[in-house]
Amino acid sequence: MKIYLYGVREDEKGYIKEWEKEHKDIDIDFTHKIFDNKTADLAEGSDGVVLLQTQAYPKTALKKLQDFGISKISVRNVGLDGFDFKDLRDLGFSLTNVPVYSPNAIAEHTIGLTLRLLRRVPEFDQKFADGDFRWFPTIGEEINGKTVGIIGTGHIGSVVARIMMAMGANVVAYDIKPNPYLENLGIYVDSIEDVLKQSDIITLHTPLAKKDLHMIDKLAFSKMKDGVIFINAARGGLVDTDALIAALDSGKVGGAGLDVLESENDVFQKKFDTINDVKDPQFKALINRKNVIITPHTAFYTTTAVHNMVFDSLNDNLKMLQSKAPKYPVDINVE
Ligand code: NAD
């Protein structure tokens, strides 16, 4: 039996080798190239494929897999936007993904962004670089005793809630489908508006459904406390970035930690000669502020998460090939 992986990054190779060692009877081969019409032929002779890319998966390339007798596809991430499920149904594929690879990775990053803003780390970094080792006036604040508002308490938001509570925060949360464990702790309020009004720190952890585009807009910012710390490690489109920039300008938002941006595809995962070569106007308006920290969608990027993305996708691909039930089947009969 042979499984072929596409879009393999350098940091995934060690985990692929590790999995291969544990499954000596399975042949593994991979390419760093993404899956498309030009590269589909590389999978000839394989039984299953494992994919990871932001680009769409073309039907013509999928048809080639079908011609090679391949019918099991696993993706190493959550996102399924690149597939047209009708194509998969027409061509008779089964699909798995990895919907949960390490909620702690994103939750810990969220806490890290919050702490760096509260303890004014960017300002201390600048002072340090300038040879200024004095404390005053760069005094910090604590999470302990603050009200932390969490919008979305699924896999990630619920971990953020537990860590924040352990640090002494008063957590208030809103979710369209409250988590029973957190409900018992009495953290839920009735609306997003309640979270916005009550919180000293607000962090977003919902998916980006069409209806939630710009969930946090000018009106939402106007309801927040003055000087609020605002964190988004969920999806860039949840926030109207121009409204955020205006709220930073006015001081309504006292600090922003952003792992995702509306225009991130034009900037993140790219290498520019200098930061000034980035042309995106929203990015330009956010950088060089001492109270804004941007990380390039790296909240998920830990060894644990990458290990789980590789292992869970390969395990599920093998399970499908062995006609066993995979851990994370995707229902391709929904649109
Ligand atoms: P999840 O599906 O486990 O949880 C999402 C929660 O949001 C659910 O409980 C749901 O009921 C709730 N929700 C949905 N719409 C809502 C709304 N309008 N108002 C309030 N609650 C709402 O998802 P997750 O795995 O916790 O992921 C959360 C977010 O983090 C997603 O946007 C995901 O894409 C993002 N994410 C980011 C990274 C990163 O590296 N920055 C990595 C993984 C996931």
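The numbers here are math on the coordinates, done by the rules we state, and not lab data. It should be emphasised that the depicted structure is a prediction, and the values quoted were computed from it without experimental measurement. We place every Cβ from the backbone using ideal geometry, glycine too, and count neighbours over all the protein chains shown.
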Positive-pole candidate from 220, 95, 126, dipole of the chain, charges at beta carbon
126
Cβ-based charge dipole, the chain, positive-most Cα from 156, 1, 61:
156
Which residue, 326, 247, 144, has the largest displacement toward the positive end of the dipole of the chain when charges sit on each Cβ (Lys, Arg +1; Asp, Glu -1)?
144
Point-to-point label distance, residue 242-residue 144, nm (Cα→Cβ direction, 7 Å offset)
4.4 nm
So the angle from the long Cα axis of helix 103-118 to the longest Cα principal axis of the chain, reported in degrees to the nearest 10, equals 20 degrees
Between region 1-33 and region 34-100, what's the alpha-carbon centroid distance in Å?
16 Å
The ³J(HN,Hα) series, computed from each phi in region 3-17 with the Karplus coefficients 6.51, -1.76 and 1.60 at θ = phi - 60°, rounded to the nearest Hz and given as x for glycine or proline, is 10, 10, 10, 10, x, 6, 8, 3, 6, 8, 4, x, 6, 5, 4
Give the whole-number value, in cubic angstrom per residue, of the convex hull volume spanned by the C-alpha atoms of region 103-294.
126 Å³
Just report the Cα centroid separation between region 126-200 and region 317-335, whole Å.
37 Å
Using a 10 Å Cβ count of at most 11 others and DSSP loop calls, identify the longest part of the chain lacking such chymotrypsin sites (Phe, Trp or Tyr not before Pro).
136-271
R0 = 30 Å: FRET efficiency of residue 54 with residue 130, Cβ-based, nearest 0.05?
0.15
Length gained when the stretch residue 90-residue 37 is fully extended (0.36 nm per residue, less Cα-Cα span):
17.3 nm
Mind giving me the FRET efficiency for residue 30 and residue 100? R0 is 22 Å, r the Cβ-Cβ distance, nearest 0.05 is fine.
0.40
Looking at the chain, what % of its DSSP beta bridges pair antiparallel, to the nearest 5?
5 percent
Given points 7 Å out from each Cα along the Cα-Cβ axis, report the residue 13 to residue 325 separation in nanometres with one decimal.
3.8 nm
For region 211-288, what is the charge dipole size about the Cα centre, in debye to the nearest 20, if Lys and Arg each add +1 at the Cβ and Asp and Glu each add -1 at the Cβ?
200 debye
Given a Förster distance of 35 Å, the FRET efficiency implied by the Cβ-Cβ spacing of residue 290 and residue 193, rounded to the nearest 0.05, works out to 0.75
Counting sequence-distant residues (5 or more places) and residues on other chains, those with an amide H built under 5 Å from that of residue 202 are 149, 229, 230, 231
Based on other C-beta atoms within 10 Å, arrange 98, 50 from fewest to most.
98, 50
Low-density loop trypsin sites (Lys or Arg not before Pro), region 302-335, at most 11 other Cβ within 10 Å, DSSP non-H/G/I/E/B, are 324
Pick out which of 97, 184, 170 has the largest mean-square fluctuation in a Gaussian network model of the chain, springs linking Cα atoms closer than 10 Å.
184
From the cross-link list 271/327; 33/211; 197/290; 33/270; 21/63; 127/284, the entries with a Cα-Cα span beyond 27 Å are 271/327; 33/211; 21/63
Which whole-number percent of Cα pairs in the chain have a distance greater than 31 Å?
42 percent
At 37 °C and 0.692 mPa s, the Stokes-Einstein diffusion coefficient in µm²/s for region 194-335, with hydrodynamic radius from the Kirkwood sum on alpha carbon pairs, is 188 µm²/s
Magnitude of the Cβ-charge dipole of region 176-247, K/R +1 and D/E -1, about the Cα centre, nearest 20 debye?
180 debye
Could you state, as a whole-number percent, how many of the C-alpha pairs of region 153-265 are farther apart than 17 Å?
53 percent
To the nearest 500 deg cm²/dmol, what mean residue ellipticity at 222 nm is calculated for the chain from DSSP H runs of n ≥ 4 alone, each contributing -39,500 (n - 2.57), summed and divided by the residues?
-10500 deg cm²/dmol
Report D for region 1-103 in µm² per second (integer): Stokes-Einstein, Kirkwood Rh on Cα pairs, 25 °C, 0.890 mPa s.
176 µm²/s
Low-density loop cleavage sites - GluC sites (Glu not before Pro) in region 4-61, where at most 13 other Cβ are within 10 Å (DSSP)
44
